[in-house]
1. Tell me which of B:GLY309, A:GLY45, A:SER21 sits at the most positive position along the dipole axis of the protein assembly as shown, charges placed on C-beta atoms (Lys, Arg +1; Asp, Glu -1).
2. Taking θ as phi - 60°, what are the ³J(HN,Hα) couplings along the range B:225-237 by the Karplus curve (6.51, -1.76, 1.60), each to the nearest whole Hz, with x for Gly and Pro?
3. Answer with one residue from B:LEU12, B:PRO265, B:SER158: the one whose Cα lies farthest towards the positive end of the charge dipole of the protein assembly as shown, charges on Cβ with Lys, Arg +1 and Asp, Glu -1.
4. Return the tail of the calculated pair distribution for the range A:39-115, meaning the percent of Cα-Cα pairs more than 19 Å apart.
5. What's the magnitude of the charge dipole for chain B around its Cα centre, counting Lys and Arg as +1 and Asp and Glu as -1 at the beta-carbon? Answer in Debye, nearest 20.
6. Just the accessible area per residue of chain B, please: how many Å² with a 1.4 Å probe?
7. Dipole size in debye (nearest 20) for the range B:50-151 around its Cα centre, Lys and Arg Cβ +1, Asp and Glu Cβ -1?
8. Give, as a single signed number, the net charge of other residues whose beta carbon lies under 13 Å from the beta carbon of B:ALA97, with Lys and Arg counted +1 and Asp and Glu -1.
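The values are calculated or read from the model by the stated rules, or taken from the named source; none is laboratory data. No experiment lies behind these values; they were computed from the predicted model shown. Virtual Cβ from ideal backbone geometry, glycine too; neighbours counted across all protein chains shown. Remember, those area values only see protein heavy atoms, side chains included, never the ligands or the DNA or RNA. Shrake-Rupley method; radii C 1.70, N 1.55, O 1.52, S 1.80 Å.
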Amino acid sequence: MKRIWLQRLTAFDRKLVLLLSALVFLSFLVPLRQEAGARLLVESGDKTLFVASLDQPQLVELSGPLGLTRFEIKDGAVRVLSSPCPNKICIGLGAARHSGDLLACVPNRLVFRIAGKSAEGQGYDLLSR
Amino acid sequence: MFARPQWVILLLLVVAGLVWWRAPGGERQLVRTALIMGTLVELKVFGTNEDELERATAAAFAEMRRVEALLTSYRPESEISRLSRAAGPFIVSEETAALLQRGQLLARQTGGAFDLTLGQLKQVWGIESDRPLVPSQAELQAALTAIGPEALQIEGRSVSKRSAELQVELGGIAKGYAVDRVLEMLRQAGVTSAAVNAGGDIGLLGAKQGQPWRIAIQHPRKTGELLTVLPLVNRAVVTSGDYERYFERNGIRYHHIFDPRTGSPARGCQSVTVVAADAATADALATAAFVLGPQQGLRLLERLPEVEGLLVGRDGGIFQTSGLQREEP
């Protein structure tokens, strides 16, 4: 029985089946790859100034209207280390590590956003503080 | 069993089915952020038409910027700044007059713990400048002269101050009001599920895909840890705390929530979270309950309809209203 329907497929049909199967398989892999690790995006206005994986520790300095804001990616989280803003609220906010977490240095116009899938679920939609 | 063309058609149908199954569902979430009113504003909106959602969020942010230009004291040309500079009766917009009246009502309901007239006090502390300082007792007394719930006389659009030097400051209500305006703009645009978070002042429109929104409350002393999670629908949540805007002198922490009775930072609480029907009310009540301290603050929140609260006392003790539903984080 199997042989009969296989015999009806031409070489082109088989290639087509293989190609489509491969495309379907890849379509499952691509989003999985995008969500494998959390990413940090630093934005200012409509521009994205910096993107990095939270898996790669590093120290970074970015410039805003007031001067340099220095931040650190370490242990799967980002935290602001120093900033030229007057009240240093961005430093006091601590670390951001979960997808959807936000930090901001408002006077220096920098927004730190965690995107992608983090290891732990955030468990909430919004944070009141 | 099947002819060759039928196999190809069957295969294409299978592929189409898989693609349809992999495609995002009907309702999408759009998340946008902006820096407005000196804080980070995050907007989460659900809907089916992404273009409409984009337009609605853009209009919502524009509305918030309009409110910022109207009501904030750090904009010299705002109505509130001009009212503060006015020596005699000053005509404001109907919108500003209505908000001042609401604020005055809340000031009376809280026995003056919430106050619209602490602008001078904020200035002498320099709490939002890069050089905050601890003022002298004489400076504090001067800044407290003529303040209080009856310090403004509002008749229609005309506002008179009890003293020409009185500085109006809507910091304890304007951000909440802006959040309410954002939700109203989204509602008018046909959005039925949205959340806005303006630096901790949160407004919720409807539910999140049929489930309550889960609002986490920051622990006031353990950075990065949560105190609790509140499941909420169609409510506003505001937290006032002593842990973000403060400075230290000689080992003493001076934060930004001032007690109108003393002119100094209120010392009874570490944080207060208020849940109310609208964010302007929640904003003002969170400040008032913080000033009153945990016991008096709790009594205030218990006696007001449609209001719940969670207060953390200065020693870390937790007080909550009888109707508050919360979950472990």
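1. A:SER21
2. 9, 9, 7, 6, 10, 10, x, 9, 9, 6, 10, 10, 10
3. B:LEU12
4. 23
5. With Lys and Arg at +1 and Asp and Glu at -1, about 320 debye.
6. 45
7. With Lys and Arg at +1 and Asp and Glu at -1, about 520 debye.
8. Values: positive: B:ARG102, B:ARG157; negative: B:GLU79, B:GLU94, B:GLU95, B:GLU155.
Around B:ALA97, the surrounding residues sum to -2.
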